[in-house]
Number of protein chains: 4
Amino acid sequence: MLKALREEVLEANLELVRRGLVLYTFGNASGISRDEGLVVIKPSGVPYDSMTAEHLVITDLDGRILEGNLKPSSDLPTHLALYKAFPAIGGVVHTHSTNATSWAQACREIPCLGTTHADYFYGAVPVTCPMEPHEIGSQYEWNTGEAIIRCFAGRDPLQTRAVLVAGHGPFCWGTSASDAAHVAVVLEEIARMAYAAMVLNPSVQPISDALLDKHFLRKHGPDAYYGQSTPKN
Amino acid sequence: MLKALREEVLEANLELVRRGLVLYTFGNASGISRDEGLVVIKPSGVPYDSMTAEHLVITDLDGRILEGNLKPSSDLPTHLALYKAFPAIGGVVHTHSTNATSWAQACREIPCLGTTHADYFYGAVPVTCPMEPHEIGSQYEWNTGEAIIRCFAGRDPLQTRAVLVAGHGPFCWGTSASDAAHVAVVLEEIARMAYAAMVLNPSVQPISDALLDKHFLRKHGPDAYYGQSTPKN
Amino acid sequence: MLKALREEVLEANLELVRRGLVLYTFGNASGISRDEGLVVIKPSGVPYDSMTAEHLVITDLDGRILEGNLKPSSDLPTHLALYKAFPAIGGVVHTHSTNATSWAQACREIPCLGTTHADYFYGAVPVTCPMEPHEIGSQYEWNTGEAIIRCFAGRDPLQTRAVLVAGHGPFCWGTSASDAAHVAVVLEEIARMAYAAMVLNPSVQPISDALLDKHFLRKHGPDAYYGQSTPKN
Amino acid sequence: MLKALREEVLEANLELVRRGLVLYTFGNASGISRDEGLVVIKPSGVPYDSMTAEHLVITDLDGRILEGNLKPSSDLPTHLALYKAFPAIGGVVHTHSTNATSWAQACREIPCLGTTHADYFYGAVPVTCPMEPHEIGSQYEWNTGEAIIRCFAGRDPLQTRAVLVAGHGPFCWGTSASDAAHVAVVLEEIARMAYAAMVLNPSVQPISDALLDKHFLRKHGPDAYYGQSTPKN
């Protein structure tokens, strides 16, 4: 079932390893088949180097396991909440990557300090409000998703494909599992550069709206001209 | 003698190398057979890349060498003190890993700033008091163990499987040598993230008790539900 | 056409990958044949690991594509502006390398704090003024080149082979594409060391003019004596 | 001539590469045969990956080339000054390694903040005074050696086998070329840890004399008991 999606989700998980974003079994990636309403996700606590597409778990949008002998990632409910709230997304990735997690632990959004950031995120990468004890005590992972969704009220999730969960770490998403993994890798690099820029100049301001627009829109939307998918100019 | 334990202790030592926690001959891992009261430990100052299980040294809990042609790690007495004081532990690891050692040198405990930390340690990773000249002048390595044990008065060593020895570096432990090595690797990453979080937000506060409880207890104790060892929910 | 230059430009692009200066398709290198007025440049958004010399694009100095089936790097107009303004240069490299980009994001020039810097750059690596909305809104990439050129009024571009574009990242150049790539690699290291030196001593001053002269001129110009190309003394 | 010494000096140079201390042709290592008064040193500006023992240059203590077709490292006079002033040393290494150089650029000595440092250096790693224009203008490399020697007046160079040349970088030495390379690698790590410790606790104090004595003397001198070269206790 969902053979191609399984392969893509496996590959997205392995990309996190290759890029140094995960330690041991940290992190997880999933993808969704919107037609069938099915999610493919990494199993919980399984080492990456022995993971195959068969180890992945398939669930429906309510988290019922339809295929797989292993337990799904304990963060599954967060993934499901995001898939339900953001119909345009096709993949979700969660990591504890060093620099993005440092910002999450500092409870600070990552301001848009440069064009690397603007190429991927249309403004700051926001940080959620800390969760309340009653949100933590019951249905914690689902409520993590709710905290993200509240944080994104009024935002287009495809214009800002990442969030920092306060005191926890980043969740990223995209049009597919591989897109989400790509965003997670870039977020980690952006977090690293923003950290050093803040140290060098604690009063640094975000780049201008003009520069933000230029960079985001030259890679995204109808007027994009970066890469090979648009006609030569 | 203790063939399986020798292999596990060798592997724990090599894990420190693979994960970039040791330089040259720095660091050491040991494991204990509680039934026999015997400890297997790395030899002193031997390069990791030529180390085999036969090079490891077996001693009793008083440090008498029962097997092995090499001198044991000079930190052996610290390991022994921990094995005697903490009957539930099965392995000890000592490193001078960069980030954990930086906190030890700064004489600061690592506060619990995020869920990565809470997944492993039930609160701050404490730092010992500086040792007094008379503790250093005689039986120094044993007294290092004593300083750790005093620091853990009233704590469950399996809930906080690491300590920073002030002006020195981390000691870690666990249910086995491989568990202790795993903790040492994660501690290094947590130390790195906490460092950057403190720089980004010097007044950052530890995560709430609710979040600490949630994360620690979803991986440890009777209600754990992370990983594959507990039934599918 | 321009087979040797194609190979050199490919190699310069790959050097950026080998040295960890680029992530995914970030960055680009080009080279110019001054005799023919032709530029060889990396295609836009193509992965490095499948890139061959045939993928490179050849344009004239007005950006007209003369050979190649792919779109050139979107930064081509910046390269062309530099080739036109700086007749002595033979190659241009642009990266978003972590540390150099952090300085660019902090809108700070990199002061010459040591002899590593002085071996390559005859004084601070300057940072451009932020670009105005009208420069960004139209012919952005060309205007990026203009901002660099204004910043270099009165400077010899071969004595300072790099600039930080504010809120963006470094552009480097040299006598050839491979020289420009070499400069980009060294700039990243210099940026990293200057960052740490500033943290350790926020009031640190640039090295003396005497030391700057000594180091720059022992590697550059008629009295150079570093390396093998000058007679044994 | 001096075949074994050539091999050791080559190996010391390559160790700097393997440990990430040098970029391109940065850095150099040499060794001395005291009996013959001859020094073997890296050639100037030759890539490490094609370097063989035959490329190394042999000179006498006045810098006259006795064997070799290549120019010696331009830092040769600094090495010679050290060999003349410190009769007990057998090897010298110079690098621009990132963290040690950052301290040199900050013009700060590296205080002894922990036992990793104390295991190798008997107190702070000192920084030289900035050189005067007349010292830079003539016989610069020799005068760099003189600045180091002045800085070591009253010190035993085998108890502190490294120095930071202000605004430049570290010079290290030891009983042999390989010992000097080992010290250079450890110095880089110590510099990195001290940097982070200073950031975490700007008012941190050096470890006590008792702890410094204990660690330095358990590895050095007649009462050493670390490693395998001393009898089992």
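About its Cα centre, how strong a charge dipole does the protein assembly as shown have in debye, to the nearest 20, once Lys and Arg get +1 and Asp and Glu get -1 at the Cβ?
360 debye
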From the Cα centre of the range B:180-233 to that of the range D:173-233, the distance in Å is 32 Å
Taking each residue in D:107-120, count the Cβ atoms of any other chain within 10 Å of its Cβ, then average. What number comes out?
4
Considering the Cα positions of the range D:123-200, please state its Rg to one decimal place and its Dmax as a whole number of Å.
13.5, 42
Have a look at A:D49, A:D60, A:D75 and tell me which one the Gaussian network model of chain A (Cα, springs below 10 Å) gives the largest fluctuation.
A:D49
Run the numbers on chain C and let me know its relative contact order in percent, using alpha-carbon pairs under 8 Å that are six or more apart.
22 percent
Among D:G31, D:G137, D:G145: highest mean-square fluctuation, GNM of chain D, C-alpha pairs under 10 Å
D:G137
With every protein chain kept in place and a 1.4 Å probe, the residues C:H96, A:H55, A:H79 fall, from largest accessible area down, as A:H55, C:H96, A:H79
May I ask you to report, in nm to one decimal and beginning with the shortest, the distances from B:E7 to the same position in the other copies, taking label points 7 Å along Cα-to-Cβ?
3.6, 3.7, 5.2
Within the under-9-Å Cβ sphere about C:A210, not counting C:A210, Lys/Arg +1 and Asp/Glu -1 give a net charge of -3
Could you work out the mean count of beta carbons from other protein chains within 10 Å of each residue's beta carbon in B:146-158?
0
Using a Cα-Cα cut-off of under 20 Å, which aspartates and glutamates could be cross-linked to A:K42, ignoring same-chain neighbours fewer than 8 residues away?
A:E7, A:E8, A:E11, A:E15, A:E54, A:D60, A:D62, A:E67, A:D75, A:E141, A:D179, B:D119
Sites C:D62 and C:V17, calculated FRET efficiency, Cβ-Cβ separation with R0 25 Å, nearest 0.05
0.25
Solvent-accessible area of A:R155, probe 1.4 Å, all protein chains present, reported in Å² to the nearest ten, please.
100 Å²
Which distances, shortest first and in nm, link D:K84 to the matching position in the other copies, using label points set 7 Å out along Cα to C-beta?
5.8, 5.8, 8.2
To the nearest 20 debye, what is the magnitude of the charge dipole of chain C about its Cα centre, counting +1 on the Cβ of each Lys and Arg and -1 on the Cβ of each Asp and Glu?
420 debye
Which FRET efficiency, nearest 0.05, do C:D35 and D:S50 yield, Cβ-Cβ r, R0 35 Å?
0.65
Calculate how steeply helix C:177-200 sits against the longest principal axis of the alpha-carbon atoms of chain C, using the helix alpha-carbon long axis, and give the answer as 0 to 90 degrees to the nearest 10.
40 degrees
Distance between Cα centroids, the range C:1-32 to the range D:129-157: provide it in whole Å.
42 Å
Looking at this model, which pairs from C:K214/D:K71; B:K3/B:K71; C:K214/D:K84 are more than 21 angstrom apart at the alpha-carbon?
C:K214/D:K84
Using a 1.4 angstrom probe on the protein heavy atoms only, could you order B:E8, D:E54, A:E141, D:E132 from most to least accessible area?
D:E54, D:E132, B:E8, A:E141
Estimated FRET transfer efficiency when R0 is 51 angstrom, pair B:Y225-C:E7 (beta carbons, to 0.05)
0.35
What does the accessible area per residue of chain A come to in Å², with a 1.4 Å probe and no ligands, DNA or RNA counted?
36 Å²
Exam field: C:G20 pseudo-label spacings to other copies (7 Å along Cα-Cβ), nanometres:
0.5, 0.5, 0.6
Counting C-alpha atoms alone, how compact is the range B:69-155: give Rg to one decimal and Dmax as a whole number, in angstrom.
14.2, 45
Summed buried accessible surface, chains B and A, 1.4 Å probe, nearest 100 Å²:
3100 Å²
So what is the 222 nm mean residue ellipticity for chain A from helices alone, if each DSSP H run of at least 4 adds -39500 (n - 2.57) and you divide by all residues, rounding to the nearest 500 deg cm²/dmol?
-12000 deg cm²/dmol
Yeah, the range B:117-160 with a ≥ b ≥ c from its alpha-carbon gyration tensor (a/c under 1.5 is rounded, else prolate when a/b outruns b/c, oblate otherwise) is prolate
How big is the shadow of the Cα convex hull of the range D:163-213, averaged over all directions, in nm²?
4.7 nm²
Given 20 Å bins starting at zero, what is the percent of C-alpha pairs of the protein assembly as shown in each, up to the one with the largest pair distance?
14, 42, 37, 8, 0
Per the axis that maps chain A onto chain B, nearest residue of A (Cβ criterion) and its distance in Å:
A:V199, 5
Quote the convex hull volume per residue of chain D, based on C-alpha atoms, as a whole number of Å³.
135 Å³
So how strong a dipole does the range D:152-233 carry about its Cα centre when Lys and Arg Cβ are +1 and Asp and Glu Cβ are -1, to the nearest 20 debye?
120 debye
For the range D:26-128 the mean separation of alpha carbon contacts under 8 Å (6+ apart) over residue count, i.e. relative contact order in percent, is 24 percent
How big is the range A:1-75 in terms of Cα radius of gyration and Dmax, in angstroms?
11.4, 33
Accessible surface of D:M1 in the full protein assembly, 1.4 angstrom probe, to the nearest 10 Å²?
100 Å²
Out of D:L187, D:L56, D:A88 - ranked by how far each Cα lies towards the positive end of the dipole of chain D, with unit charges on the beta-carbon of charged residues - the top one is D:L187
Compute the angle between helix C:3-18 and the longest alpha-carbon principal axis of chain C, please, reported from 0 to 90 degrees and rounded to the nearest 10.
50 degrees
So which residue, out of B:V57, B:V185, B:V199, gets the largest mean-square fluctuation from a GNM of chain B using Cα contacts under 10 Å as springs?
B:V199
Could you pull the accessible area for A:D156 with a 1.4 Å probe, rounded to 10 Å²?
80 Å²
How far apart, in nanometres, would the label points at C:S138 and B:Q139 be if each is projected 7 angstrom from Cα along the Cα-to-Cβ direction?
8.5 nm
In degrees rounded to 10, the 0-90 angle between helix C:140-151 Cα long axis and the longest Cα principal axis of chain C is 30 degrees
In terms of solvent-accessible area of protein heavy atoms at a 1.4 angstrom probe, what is the ranking of C:I89, A:I65, highest value first?
A:I65, C:I89
Go through B:A29, D:L16, B:H134 and say which Cα lies farthest out towards the positive end of the charge dipole of the protein assembly as shown; charges sit on Cβ, +1 for Lys and Arg, -1 for Asp and Glu.
B:H134
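The values are calculated or read from the model by the stated rules, or taken from the named source; none is laboratory data. Predicted, not measured: the structure shown is a model, and the values here were computed from it. Reconstructed Cβ throughout: ideal geometry from the backbone, glycine too, with neighbour counts over all protein chains shown. Keep in mind that these areas ignore ligands, DNA and RNA; they rest on the heavy atoms of the full protein, side chains included. Shrake-Rupley method; radii C 1.70, N 1.55, O 1.52, S 1.80 Å.
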